[in-house]
Amino acid sequence: MKTTNSRGPAILGILVAALLILPLVVHDTFVLRVLTEGIMWIGLAIAFDVIAGYTGYLNFGHGAFFGIGAYTIAILMMQANLPFWAALPAGGLAAGVVALIAGIPTLRLKGAYFAIATWALSRAIQQLALNVEFTGGPDGMRLNAFLNPQFFYYLMLITVGLTFLILWYLLERAPFGLKLKAIREDEEGAKALGLNPTKLKMQAFILSALPTGILGGIYAYWITFIDPSSTLGDLVSDQAVVMVVFGGMGTLFGPALGALLIFAFKTIFWAYLSDFQLLYLIILGALIAVSVIFIPNGLWGTLFKRKAAPPRREEPALTAVVAPEEGN
Amino acid sequence: MNLLDVQDISVNYGDIQALWNISFSVNKGQLVALIGANGAGKTTTLKALCGLIPTAAGSIHYQGSRITGLPVHKVVDQGITLVPEGRQLFPKMTVEENLLVGAYLKRAHGKRAQTLKRIYSIFPRLEERRTQTAETLSGGEQQMVAIGRALMQDPQVIMFDEPSLGLAPIMVQEVFKVIQELHREGLTIFLVEQNVHQTLKVADYCYVMENGRIVGQGTGKDLEADQSIREAYLGF
Amino acid sequence: MSETILTVDSVTKCFGGLTAVDDVSFTVQKGEIVGLIGPNGAGKTTLFNVISGYYSPTKGSVVFQGNDISGKPPYHLAGVGIGRTFQVVKPFAGLTVLENVVIASFLKHPKRTDAERHAWQVLETTGLADRAHVSAAGLTLAGRKRLEISKALALEPAFLLLDEVVAGLNPTEADRTVELIMKLKGQGLTILIVEHIMRVIMNISDRLVVLNFGRKIAEGTPAEVCGDAQVIQAYLGEAAA
Amino acid sequence: MELLPQALTDGILLGGIYITIAIAFSLTYGVMHVIDFAVGEWIMFGAFTGFYLNKWTGLDPFIFLPVIFVLYFGIGYLIQPVIHRVLSGTKGNPFLMGLVFTFGLAIMFRGLALTVFGFYSNSIPSMFSEGSFNIDQFGITVTIPAVRLVGLCYALAITGFLHYLLKKTNFGLGVRALAQHKDAAGLMGVNSKRTGSFVYGIYVGISAMTGVLMGCILSIGAQMGNEYTIFAFFVVVLAGMGYLAGVPWAALLLGLVQSIFMIYFNPSHTLLAVFAILYVILLISPRGLFGKGV
Amino acid sequence: EERNFFKIGVITELSGDLVTGGNITKRGYDLWAQEVNAKGGIDIKGKKYPVKLVYADAQSNPAAGAAAAERLITQEQVDFILGPYSSGVTLAVAPVVDKYKIPMITGSAESPLIWRNKFKYTFGTIPPINFTGATSIKTLTQLKPAPKTIAIIGSNDAFSKATAEAYKTAAEAAKLKVLKFSIVPSGQDMTPLLSAVRSMKPDIIAFGGHDEEHVKFVKALRQIGYTPKALLMHCGITDKAFTDAVGKDGEQIFGTTCWTGTAKTKSKILWPTAAAYAAASQKAYQNPGDYTQGGCSAAGIAFQVALQKIGAKPGMNEEMRNKLVKAIEEVDVQTFYGRVKFATSGEYYHANIGLDPLTVQIQSGKIMTVGPKASVEAAAQYPMKDWKSR
Ligand SMILES: Nc1ncnc2c1ncn2[C@@H]1O[C@H](COP(=O)(O)OP(=O)(O)OP(=O)(O)O)[C@@H](O)[C@H]1O
Ligand SMILES: Nc1ncnc2c1ncn2[C@@H]1O[C@H](COP(=O)(O)OP(=O)(O)OP(=O)(O)O)[C@@H](O)[C@H]1O
Ligand SMILES: [Mg+2]
Ligand SMILES: [Mg+2]
């Protein structure tokens, strides 16, 4: 962990510099588009990890924040005629507000119940979008096309870069991250140390939702078309889970790496091996299953042998009641 | 012949070696105790004996046949059982169900009604609480269930891992009474305890462990007299 | 020394039909160590949970330094100076020993560097400094119990609740923990302790409170309590008498 | 009001379908603590197996239920050790890993099915798909499709069977012990690997049989699994995870909500209502309807 | 770039939720390419240029569709594009092809939304559903004894909902009494809803949905034992897979489409008749093909005709592509699929308005056209035979 803290930012700095000058060198708009999307997934994965990896709450409805951001921007731009720059923060804000409202009750749930409640909530939001007028229902919404690849590349890069920096500061430097981890490890015990889990979880949930909503907004403007199945479906949530678990939970670099590799794998397969499209599903599925068996700590955790890997908790909760005097 | 014969076993937890070439033996009908500081490896030894964790080296023989590497359910099938640290009851099951799971093995299944009666006569408290779920019992009662559950298996060797831990003094006496009773009835007993005073009093023979190694052995009286043991394990 | 720091006033705590703590009252004076004993299931841990804010009392009240704290959440109580340990030690297993303590230090030292410095000091006191960078999951039972105390201490509390911090330790380890507790008392800390090991509890407590079936059955100096017939019958057993 | 009897009937029959989807799933969760994302895919595989057996032999698919059970029992039995390995890992968070593992399996199975079975929807004909019972008395008109009634009976039979197995047999005692404490169960002589495999085999076998039933009542297709996984989750969570006795009630509640909503309210809001109800119930009672989930 | 073949990008849904439709479009495009290449290629001023299809999977996801377009255009440098199955993906792809000025004809997407956006480079061979839906309702109202009431149900996705709405508009125009109009979430068991419908005893039940939902719908109706006088669904029923799945329960179900394998079409390009196309498809896929597949093959033909008209060679520059768009706008040709002619203004901008929508009915397992008059192959069987007496 020490090593990632000191060397990580340096490597990251070089990476960012490279990414910043890239569009000046590469003019292939397809490559830029792929990179733009890859960066977006990194952003989604790290934002997801705030609540999942650091706080220990697996949010299966993460995609809802993305969709809410996308829809907010589409509605503000197309129906209220707001310019993009004015609408964009509103996308993040809307996601944050939903996180706040939804978080108060859901964050009381634990483990699988939280996972499934958030998933049910995201499904309900999707159904809502299908059933109200102002979202266009199943027809979705179209935004005025502004197809400038460099613009979206830089916008995505800056957004995700800033998100990364802010999260990195809050989670790895400031007390906040350590407090979240305390909650992940033992919420009841954390209370005795003066931590207010309800408040901290709320903050984490909102912190996870905000950038996700903004990314959803950028996505909407970039792709120019959104509908309930593509922005409010399971896609974002599912991918985020897979990327984060594959990369390694509870860090920022792990999910980023996971997002990058999985997205690269998908894209290469998709672009250059498209004759084997169904094989792709089989391979992706097998890859996920096998990686879980062989790198249970995620790629980052395995590569960098993190000591702080959450160890196996024996029989959860049950034994605690029966065996008040726990031994080893 | 020794009933239980342990030769040079080692156990690792990942990169950490917890046991280093441990050897000892237990005779039939004996009450043998194992004492040692926290983290010395006592629990690890017990777990290795009954197959809950794998051994890296060495061998364990029971009644002359090798049981090293057998999975736990096969080991207990041979007649060895463990009353684990922290009791490890089945929390949502009633007292009686917990006891009946003890008679899961074929060997014990046939005579379970009979054994149950016997256990209720040893621990009348449990009969009173037979329909209460295990998680709502007090610590001492839970310990009784754990012992009763092990007895339901009709074992020949019964191993205890810190049975007095966290019990009120009156319950500690109770538990030691039961252990001695079982010993008198002819059961072979292997006892791990932190309550060294009491343990040395009841044990026929005793091993001392430190940092994953056996560092001393002798009868209870011998060890109690041993100055270094007194200093290290009896305190005050 | 007669400044009352804690007043437990007719506290009752019920779980459904079960009355785990039944109309218990006592006080703790500043600077003393009070032992809370009683058979298994007597309600000691439950009472701890009431005092530290994990449960709100069904009836009665808890007054700490003059303020009624009944029903206040634990993190609030940590803030006003109540530190506690858990009978079932649950370190933040995924974090290092140092990080575990730093989290508690944040209460009084919001900056990370300050908190770390303070955490080191605490670890020095409790003798865990050499294991600071070890994962908390890798500690032995003795280590975990000590970590539990370290975390409570890092809060810089005025009042400490210790729930069976000696249980399961071998006599030597137990002695070291007792020494630590006495040292803390020397620093002016007030302590309420639950323990079943008589050797320990009789030695360190200024006073004892005895619970049985949720009710207080005796209170007094260790010597007084030891001679109490009811206590012998319910808790100590004949052998001790 | 005249529709009410039919609405209730439809709801109960639909609930029967949900019982069949969820009951075995709940069992594996209760014992192995694995949330199997591939539950829908097992149903799908079973459905296609029934479909092809019927196509090749021309015999009624219900005749093949035992064959399908045995076949998929075997598959489940063989796969379980891998899942067990994931769940008993000492690194990472095994619970999450188990979840992601089965998620991977589900994706893989879907890809396999699309490759092998193609992308068309299909249906399994059966002797029961034709008939229905009509009650037309005292001004009450109710139609009970035979095949759905069979489905309900199947659901109740499976529920009864699992109940018997768990509560009345020594094997069941071992299973329950294993569910609550793995090491302690081992100490009692329960062979945790074999018992786990058995349970998983039973679950996969039952799910596959359920698939045949679904093919007769509704339709089949390589991508059908997802929908069933959703409803299996839904019912199991509503019932309280791993709490078997809650499953029939949760399933019936779901069926009734859907039926009543479709009939008396705006059908387009049915799923919205369903998800909202799940959400609200979880908030009120975080461990399912009866508060008995683990 | 110098090439002696046309490189054509195909963007369609080869995975994800819409994999069925995506693969049907693929068959249509493939069959066209095969047929063209079997004849040596597209004849441009006496020289034959074969065609090569380059696929990009849209994964049933608009973003993937847009990326696919970008890749095909910038990396594969395709000459033009054959478009997606679904409207959603088409809506995301259209701005991209507009930006690069690459013509695209889709053989499938039929949501009216696409055409309202007036994308300059996007065309479609299937008329929008609100254009086709009215015909079937008209056909049904002319049957004796005339139906008076209708219940309309649509699945809650863009296409199915539009279908249901088209039926509703047409029914109201035809003075049918709409007893119930319901949109249901996709993929659900509709039995309870149909129980409610049954109690209203509508003469016609009309349903807009996708393949799998059609099967569920028929089975549900059958299970509750209600036989309306007419059961109308959309084109999904013209696929052989539907009749295979529901068997005799599919008998006498009406459908709306704009092409069948027995349509009375005549053409000089590739397949001379619809029947010839159906036979070719049967040979290639053991399936005579439905209107989506046909529409996709026809999309190829439309390109072919326009290319020939302007004498475009592979590796077109922007000017040439603009010419091509102009030529496509001017296409007016009889194909096996019927007349292909794209609107150049109005709400159907760039959609094919050359076709006459058809009402079909499944009779003895075959798709027979029963309306409008000019295309009738067989008399409509009406009212529908009771489920039980089949
Ligand atoms: N699951 C585990 N993973 C890693 N190390 C472990 C594990 N269990 C025990 N250890 C280590 O192995 C050593 C021996 O532990 P063991 O539990 O056998 O000690 P013990 O003698 O029973 O101690 P106690 O008296 O505290 O119960 C200790 O250093 C302990 O930290
Ligand atoms: N959350 C709870 N729900 C229901 N009953 C409880 C709960 N917590 C404790 N109890 C019950 O309250 C009683 C008192 O328990 P408590 O843990 O306070 O005892 P204790 O005195 O600490 O015992 P020990 O010495 O064994 O730790 C017991 O009967 C226990 O089963
Ligand atoms: Mg131990
Ligand atoms: Mg206690």
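Coordinate-derived values only; no laboratory data. These numbers come from a predicted model, not from an experiment. With ideal geometry, Cβ positions are generated from the backbone for all residues, glycine too; neighbour counts draw on all protein chains shown.
Please give the helix E:129-141 orientation as an angle from the longest Cα principal axis of chain E, in degrees from 0 to 90, rounded to the nearest 10.
Computed tilt is about 30 degrees.
Just list whichever of E:161/E:264; E:118/E:175; E:248/E:268; E:120/E:313; A:181/C:30; B:177/C:216 have alpha carbons separated by over 26 Å in the model shown.
Checking Cα-Cα distances, E:161/E:264; E:118/E:175; E:248/E:268; A:181/C:30; B:177/C:216 exceed 26 Å.
By per-residue mean of other Cβ atoms within 10 Å, what is the highest-first order of E:341-348, E:358-365, B:39-46?
By packing density, highest mean first, the sequence is B:39-46, E:358-365, E:341-348.
Counting partner chain Cβ atoms within 10 Å of every residue's Cβ in B:43-53, what's the average?
That works out to 1 on average.
Between residue A:150 and residue B:12, what FRET efficiency follows from the Cβ-Cβ distance if R0 is 60 Å, with the result rounded to 0.05?
0.60
Which residue, D:177, D:24, D:155, has the most motion in a Gaussian network model of chain D that connects Cα atoms within less than 10 Å?
Answer for the Gaussian network model of chain D: D:177.
Just to be sure I understand the curve: with the Debye formula and one point per C-alpha of the protein assembly as shown, what is log10 I(q)/I(0) at q = 0.06, 0.07 Å⁻¹?
Log10 of I(q)/I(0), two decimals: -0.65, -0.84.
What spacing in nm lies between the two simple spin-label points modelled at residue E:310 and residue D:135, each 7 Å away from Cα in the Cβ direction?
For residue E:310 paired with residue D:135, the spin-label model returns 7.0 nm.
Starting from the alpha-carbon convex hull of region D:83-211, give the projected area averaged over all orientations, in nm².
12.7 nm²
Report, in order of residue number, the helices in chain A meeting two criteria: a C-alpha extent of 24 Å or more along the helix axis, and a mean Kyte-Doolittle hydropathy of at least 0.0; treat each whole DSSP H run as one helix.
A:2-25, A:29-49, A:62-78, A:84-106, A:111-131, A:149-168, A:197-223, A:253-272, A:277-294
Using a cut-off of 14 Å between beta-carbons, work out the net charge of the residues near residue E:319 (Lys and Arg +1, Asp and Glu -1, residue E:319 not included).
Taking every Cβ under 14 Å from that of residue E:319, the sum is +3.
Could you give the dipole magnitude of the protein assembly as shown about its Cα centre, charging the beta-carbon of Lys and Arg +1 and that of Asp and Glu -1, in debye to the nearest 20?
About 2940 debye.
To the nearest 20 debye, what is the magnitude of the charge dipole of chain A about its Cα centre, counting +1 on the Cβ of each Lys and Arg and -1 on the Cβ of each Asp and Glu?
With Lys and Arg at +1 and Asp and Glu at -1, about 760 debye.
On C-alpha positions alone, give me the angle between the axis of helix B:169-184 and the longest principal axis of chain B, in degrees, nearest 10.
Helix B:169-184 sits at roughly 80 degrees to that axis.
For residue B:25 and residue B:210, what does the FRET efficiency come to when R0 = 22 Å and r is the distance between their Cβ atoms, rounded to the nearest 0.05?
Step by step, r from the Cβ atoms, then E = 0.70.
Under a point spin-label approximation (7 Å from Cα along Cα-to-Cβ), what is the residue D:127-residue B:184 distance to one decimal in nm?
Placing both labels 7 Å beyond Cα along the Cβ direction yields 7.1 nm.
Charges on Cβ only, +1 for Lys and Arg, -1 for Asp and Glu, centred on the Cα centroid of region D:4-225; of D:59, D:220, D:178, which one is farthest towards the dipole's positive end?
D:178
Nearest-5 percent of antiparallel DSSP beta bridges in chain E?
Once the DSSP bridges in chain E are tallied, antiparallel ones form about 35 percent.
Computed over the Cα atoms, what is the radius of gyration of region B:86-149 divided by 2.2 N^0.38 Å, N being its residue count?
Here the Cα radius of gyration is 1.01 times the empirical estimate.
Return the percentage of antiparallel bridges among DSSP beta bridges fully within the protein assembly as shown, rounded to the nearest 5 %.
Restricted to the protein assembly as shown, the bridges split so that about 50 percent are antiparallel.
Shielding of B:186-192 by partners, i.e. mean partner chain Cβ atoms within 10 Å per residue?
Per-residue shielding by partner chains comes out at 0.
Treating only the Cβ atoms of Lys and Arg (+1) and Asp and Glu (-1) as charged, compute the dipole magnitude of region E:301-390 about its Cα centre; round to the nearest 20 debye.
That gives a dipole near 360 debye.
Add +1 for every Lys or Arg and -1 for every Asp or Glu among the other residues with Cβ under 14 Å from the Cβ of residue E:162, and state the total.
-3
Tell me which lysines have Cα within less than 24 Å of residue D:193's Cα, excluding those fewer than 8 residues away on the same chain?
Within the straight-line limit of under 24 Å, residue D:193 reaches these lysines: B:47, B:74, B:92, B:106, D:91, D:167, D:168, D:182.
Taking R0 as 60 Å, what FRET efficiency do you get between residue E:118 and residue E:4 from their Cβ-Cβ distance, rounded to the nearest 0.05?
0.95
Helix D:94-117 against the longest principal axis of chain D: what's the angle in degrees, Cα atoms only, rounded to the nearest 10?
50 degrees
With N set to the number of residues, divide the alpha-carbon radius of gyration of region A:32-233 by 2.2 N^0.38 Å and report two decimals.
1.02
Net charge near residue A:36, counting Lys/Arg +1 and Asp/Glu -1 over other residues with Cβ under 14 Å of its Cβ?
Overall, the nearby charge balance is -1.
Search the structure for amide H atoms under 5 Å from the amide H of residue E:253, placed 1.01 Å from N in the peptide plane, and list their residues when 5 or more places away or on another chain.
Amide H to amide H, under 5 Å and 5 or more residues apart or across chains, residue E:253 pairs with E:362.
For the charge dipole of the protein assembly as shown, defined by +1 on Lys and Arg C-beta atoms and -1 on Asp and Glu C-beta atoms about the Cα centroid, which residue among C:191, E:29, E:306 has the Cα displaced farthest towards the positive pole?
It is E:306, whose Cα lies furthest towards the positive end.
Count, for each residue of C:72-82, the Cβ atoms from other chains sitting within 10 Å of its Cβ, then give me the mean as a whole number.
The mean count of partner-chain Cβ atoms within 10 Å per residue comes to 4.
Looking only at D:122, D:54, D:266, which one moves most when chain D is put into a Gaussian network model with springs between Cα atoms under 10 Å?
Comparing D:122, D:54, D:266 in the GNM, the peak value goes to D:266.
Which one, E:234, E:14, D:131, projects farthest toward the positive side of the charge dipole computed for the protein assembly as shown from Cβ point charges (K/R +1, D/E -1)?
E:234
If you stretched the chain out fully between residue C:221 and residue C:2, how much longer would it get, using 0.36 nm times the residue separation minus the C-alpha to C-alpha distance?
Contour length minus Cα-Cα distance gives 77.3 nm.
In nm, to one decimal, how far is the residue D:161 label point from the residue D:116 one, both placed 7 Å along Cα→Cβ?
Placing both labels 7 Å beyond Cα along the Cβ direction yields 2.2 nm.
Would you pull out the residues with amide H under 5 Å of residue E:206's amide H, same chain only if 5 or more places away, H placed 1.01 Å from N?
E:151, E:152, E:153, E:232
Run a plain Debye calculation on chain C (Cα atoms as equal point scatterers, no solvent) and give log10 I(q)/I(0) at q = 0.08, 0.13 Å⁻¹, rounded to two decimals, same order as the q list.
-0.29, -0.78
When chain E is modelled as a GNM with alpha-carbon springs shorter than 10 Å, which of E:45, E:229, E:101 fluctuates the most?
Checking each option, the largest mean-square fluctuation is seen for E:45.
Set the bar at 21 Å for Cα to Cα. Now go through E:26/E:219; C:111/C:145; E:168/E:201; D:55/E:240; E:138/E:219; E:7/E:266 and name every pair that lies beyond it.
Over 21 Å apart, Cα to Cα: E:26/E:219; C:111/C:145; E:138/E:219; E:7/E:266.
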